[in-house]
Amino acid sequence: MRVGGKRVLVVGATGSVGGLAAGRLAELGASTALAGRDRARLAGRAADLGGRPYHSFEAYDLGACEALAPWAAEVLGGLDAVVVALGVAGFGAARDMPEAAAEHLLAVNALAPMAIVRGALRVLPPGGGVSVVTGTIVDRPVSGAADYAAAKSALAAWLGVAARESRRAGLSVLDVRLPHLDNGFAGRAVVGTPPPLPEGADAAGAVESHLVAPLLERLGSGAAAEGART
Ligand SMILES: NC(=O)c1ccc[n+]([C@@H]2O[C@H](COP(=O)([O-])OP(=O)(O)OC[C@H]3O[C@@H](n4cnc5c(N)ncnc54)[C@H](OP(=O)(O)O)[C@@H]3O)[C@@H](O)[C@H]2O)c1
């Protein structure tokens, strides 16, 4: 299926999941705009994908997060979908987590995605939607990751309500619960070291089946799927 003519913002495009999603969507003919934190890597990725518009931001600046979708709608001449794939892991027992790290995990994994989606829901047209990466940790929180799990669960709860509220406007909000992947995400934790983890799933395959395929289906049908999970 091709998605020529569809305009998609990918947030977290400098990362593994966001980069894979941006690459596939570009391959399929979507008109994409990219957002990420590391400006140099973002510029490189935008160039690799044929010269896409890009915008760098920091998750702590919630106003900047909220402004990403309006920016994309402006540079793409409209917007059909937003993929939100930013996040950071953090490990440590609940009683030992430094407050600054707890705040960081909540800001990057919950508050920033919520602000991005808030901005998107204001500019997306009926039939449009957002796909936001949470993770299977929402369903199966593991010891040693209470703060990361709490942030992802907060985001998942918020997305569930936003999905219900957005249905009337014809907008879909997808909660993408990716499994643990083989891309080294846990090793990039902002704090602590990961507990023993099972072998990660193939990142490209998981992004294709959990994120890109449901997004294509939605872009193709324009149908809103309330509170859908992938
Ligand atoms: N990989 C897994 O095993 C797995 C499993 C389930 C769910 N997930 C979720 O999938 C999403 C993407 O993970 P990934 O594997 O692609 O991780 P990744 O490769 O480490 O990418 C993380 C992305 O988040 C951005 N980011 C981190 N801190 C930021 C900040 N303070 N401000 C703005 N952007 C920030 C990074 O930007 P820069 O690179 O520009 O700094 C990058 O674009 C995350 O939400 C993660 O929780 C991952």
Search result, residues across the stretch 68-79 that are surrounded by 18 or more Cβ atoms within 10 Å (Cβ to Cβ) and out of contact with any strand residue (DSSP E or B) (no Cβ under 7 Å at 6 or more places or on another chain): Ala73
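Please state which one of Arg167, Arg140, Arg122 is basic (Lys, Arg), surrounded by fewer than 20 Cβ atoms within 10 Å (Cβ to Cβ) and within 16 Å of the ligand (Cβ to nearest atom). Don't jump to the end; show me each part of the working.
Working: Arg167 fails: within 16 Å of the ligand (Cβ to nearest atom); Arg122 fails: within 16 Å of the ligand (Cβ to nearest atom).
Exactly one residue qualifies, and that residue is Arg140.
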Sole exception among (1) small (Gly, Ala, Ser); (2) assigned to a strand (DSSP E or B); (3) modelled with pLDDT under 95 for Ala225, by number: (2)
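For the structure I just gave you, tell me whether Leu28 is in contact (Cβ under 8 Å) with a residue 40 or more places away in the chain, surrounded by fewer than 20 Cβ atoms within 10 Å (Cβ to Cβ) and more than 14 Å from the ligand (Cβ to nearest atom).
On the way: in contact (Cβ under 8 Å) with a residue 40 or more places away in the chain: yes; surrounded by fewer than 20 Cβ atoms within 10 Å (Cβ to Cβ): yes; more than 14 Å from the ligand (Cβ to nearest atom): yes.
Criteria met by Leu28.
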Some residue of the stretch 1-10 being hydrophobic (A, V, I, L, M, F, W, C) and either in a helix (DSSP H, G or I) or within 9 Å of the ligand (Cβ to nearest atom) (or both): no
Residues within the stretch 161-202 that are touching a Lys or Arg at 6+ places or on another chain (Cβ under 9 Å) and among the small types (Gly, Ala, Ser), tallied: 2
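Restricting attention to the stretch 173-203, which residues are of a type in the set (Asp, Glu) and either within 7 Å of the ligand (Cβ to nearest atom) or more than 19 Å from the chain's Cα centre (by Cα) (or both)?
We begin by selecting, within the stretch 173-203, every residue of a type in the set (Asp, Glu); these are 175, 182, 199, 202.
The one that is of a type in the set (Asp, Glu) and either within 7 Å of the ligand (Cβ to nearest atom) or more than 19 Å from the chain's Cα centre (by Cα) (or both): Glu199.
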Candidate set: the stretch 13-25, residues that are touching a strand residue (DSSP E or B) at 6+ places or on another chain (Cβ under 6 Å) and assigned to a loop (DSSP other than H, G, I, E, B); chosen: the one farthest from the ligand (Cβ to nearest atom): Ala13
Condition broken by Asp38, with the remaining ones in (1) closer than 20 Å to Leu178 by Cβ; (2) near the ligand (Cβ under 8 Å from one of its atoms) satisfied: (1)
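Of all residues in the stretch 67-91 being farther than 28 Å from Pro141 by Cβ and in contact with a helix residue (DSSP H, G or I) (Cβ under 8 Å, 6 or more places away or on another chain), which is nearest to the ligand (Cβ to nearest atom)? Quick ask: steps written out before the conclusion?
Of the stretch 67-91, the ones farther than 28 Å from Pro141 by Cβ are 67-81.
Filter once more, keeping what is in contact with a helix residue (DSSP H, G or I) (Cβ under 8 Å, 6 or more places away or on another chain): 67-70, 73, 79-81.
Numbers: Ala67: 14, Leu68: 10, Ala69: 15, Pro70: 18, Ala73: 20, Leu79: 19, Asp80: 21, Ala81: 17 Å.
Selected residue: Leu68.
When the residues of the stretch 129-148 are narrowed to those that are small (Gly, Ala, Ser) and in contact (Cβ under 8 Å) with a residue 60 or more places away in the chain, which ends up nearest to His210 (Cα to Cα)?
In the first step, residues of the stretch 129-148 are kept if they are small (Gly, Ala, Ser); the result is 129, 131, 135, 143-146.
Add one more test, that the residue is in contact (Cβ under 8 Å) with a residue 60 or more places away in the chain, and what stays is 129, 131.
Details: Gly129: 15, Ser131: 10 Å.
Checking each candidate, the answer is Ser131.
The values are calculated or read from the model by the stated rules, or taken from the named source; none is laboratory data. The structure presented is a predicted model; accordingly, all values stated were derived computationally and were not measured. Glycine gets a Cβ as well: all are built from the backbone with ideal geometry, and neighbour counts include every protein chain shown.
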